[in-house]
Each structure stands twice: as structure tokens, then as C-alpha cells.
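Read the structure below first, then the notes.
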Amino acid sequence: MNILSPSILAADCTILGEQIKAVEESGARYLHIDVMDGSFVPALSFGMSLISSIRKCSDIVFDVHLMVQEPIRYIDDFVECGADIITVHQEACEDVTATLQKIKAAGVKAGLSIKPQTDVDVIEPYLDLVDMVLIMTVNPGFGGQKYIEASTERIIEAHKLLAGRQIHIEVDGGITKENVRTVLDAGANVIVAGSSVFKGNIQENVKEFMEILNA
Ligand code: DX5
Ligand code: ZN
């Protein structure tokens, strides 16, 4: 099954609760929450207090993407504030295995992400520990960037590496209604979309994405 995970980085924070309801009611199953620390990536975004407060208004699956150096320090905090899936970057962890084990031990799903310049096969040693692999399709740090075309081959490579396993392949960055078919055909099944969901009519955008995802 294909899943849409709208990224609230592109949402209007003054009416965030309403916008989350809108994506949920229109068929999105996950909500993508980008946490940036100003160190692993240049920008800062939001953290635990925002997640705790939106947890009160929605039961949607919280898909938390930690663009944070040494995220092992914060796993318990993110679980406590309501994360359902926690994805960490391979490049940000000194001990990837310990970080993923900590996520699993906390009772939530674990994701492992790689940046566009990282070899796809670095994920191989961790496949027994992950529920999801996140292939970044832009350089992490900002919303609204253009999809890096070379990502399509990387998704195909990840799909081959994961053959026969029940592991989701998520893609994040520059996904639009025009290119989403390409990433689905390459093997992705969890689709992050920020600008292309939250700019314009949210309900219509989600419905149009879902039609493509369900086709
Ligand atoms: C980028 C973030 C993305 C971002 C995607 O570092 O990880 O989740 O919000 O935004 P769009 O879909 O606008 O590229
Ligand atoms: Zn993200």
C-alpha cells in the first residue's frame, strides 16, 4: 500500500491544527514532521513542544524525521511527545546500530535515512533493525527544493537491496503530482510532500496525490 506523508514544514503554523485535520480527512495516513538542529543541517525547525501539542489534536501517524546530530540523545523525548516512527540519518550517528536499537526498544518504528551523496549500500548492515528506509531526494535542510533526478536510480537500488523484506521505502524532497509516478514505479511507497500539499488547496492536493498513489 502506498502512503502519503504531508510535511508540515510547508504548513501555515497559525492554523496548523486545521491543516492537519484537512490532510487527515482527505486521505493522508502519515504526517511528516521535520526536526532540524542547526548543526546536521543549517536550519532550525521545531521540536518536542510542537509535537506534544499537535498530538492532542490528531491520531494520524507521526512520521518524525530527525535531521539532528547524534539523535540517540533525544529518542526517549520524541517517543514521549508522540512520535510513531522515528527516522535518523546514517550520517548523523556515531553508532547507527545503538541508535536504531534504542528506537525499537522504545516501542516505535525505526527509519534510517541517507542524503543524496551517501552510497545506498551503507544501509545494508542495518536492514534487520529498520522498518523504513528514507531516501532523500533533495539535500536535507529546506522545503521547496527541486527533485534531484539521480534519485530515481537510487530508489531502484534501495528497492533491490530490500527485496523480500517488509521495509517501507520513503522519499522526501521535491515530490510533486508530476513526478510522484516515477518514484512509485522506482519502488518508493511512502511519499513525503510539503509544498505540493500545503500550497494551494490542501484537500484537493491530497486527493489528487491519493488518486495517483491508489492507481
Ligand atoms: C527537507 C525536509 C522535507 C521537506 C520537503 O529537508 O526533510 O521533508 O519538508 O518539502 P518539499 O516537499 O517542499 O520539498
Ligand atoms: Zn523530511
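The values are calculated or read from the model by the stated rules, or taken from the named source; none is laboratory data. It should be emphasised that the depicted structure is a prediction, and the values quoted were computed from it without experimental measurement. Neighbour counts run over all protein chains shown; Cβ positions are idealised from the backbone, glycine included. Just the protein is used for accessible areas: all its heavy atoms, side chains included, with ligands, DNA and RNA removed. Shrake-Rupley method; radii C 1.70, N 1.55, O 1.52, S 1.80 Å.
For the reader, a short list of remarks on this structure follows.
- Kirkwood-type radius of region 130-184, with distances r between different C-alpha atoms, in Å: 11.7
- Local electrostatic count, Val61, Cβ distance below 11 Å [Lys/Arg +1, Asp/Glu -1]: -2
- Checked against a 19 Å cut-off, the cross-linked pairs Lys146/Lys199; Lys21/Lys207; Lys146/Lys177; Lys21/Lys109 give Cα-Cα distances beyond that limit for Lys21/Lys109.
- Where only DSSP H runs of four or more residues are counted, the chain gives -9000 deg cm²/dmol as its mean residue ellipticity at 222 nm, each run worth -39500 (n - 2.57).
- To put it simply, the accessible area of the chain at a 1.4 Å probe is 49 percent carbon and sulfur.
- Loop-exposed GluC sites (Glu not before Pro) per DSSP, neighbour cap 12 Cβ within 10 angstrom, longest uninterrupted part of the chain: 1-93
- Order by protection proxy (mean Cβ within 10 Å, highest first), peptides 96-102, 189-195, 38-44: 189-195, 96-102, 38-44
- Once the mean of 1/r is taken over each pair of separate Cα atoms and inverted, the chain shows a Kirkwood hydrodynamic radius of 16.9 Å.
- Counted charge near Tyr126, where neighbours are those whose Cβ lies closer than 12 Å (Asp, Glu -1; Lys, Arg +1): -3
- Shown for the chain are no DSSP H helices, since none reaches 30 Å along its axis, judged by Cα atoms, with a mean Kyte-Doolittle hydropathy of at least 1.0.
- In region 3-123, taking the dipole from charged Cβ atoms about the Cα centre, the farthest positive-side position among Val41, Pro6, Thr97 is held by Pro6.
- When each of the peptides 111-118, 9-16 is scored by the mean number of other C-beta atoms lying within 10 Å of its residues, the order from highest to lowest reads 111-118, 9-16.
- Anisotropy class of region 18-81 from Cα gyration tensor, a/c 1.5 cut: prolate
- Cα centre as origin, Lys/Arg/Asp/Glu Cβ charges: the chain dipole, Debye: 300
- Every Cα-Cα pair of region 75-196 was included, and the share exceeding 25 Å stands at 21 percent.
- Charged neighbours of Ala110, selected by a Cβ distance under 13 Å, balance to -2 (K, R count +1; D, E count -1).
- Only one residue of His159, Pro116, Pro140 has its Cα farthest out toward the positive end of the dipole of region 45-165, where Lys and Arg carry +1 and Asp and Glu -1 on Cβ, and that residue is Pro140.
- Ligands, DNA and RNA are left out, and with a 1.4 angstrom probe the accessible area of region 20-70 is 39 Å² per residue.
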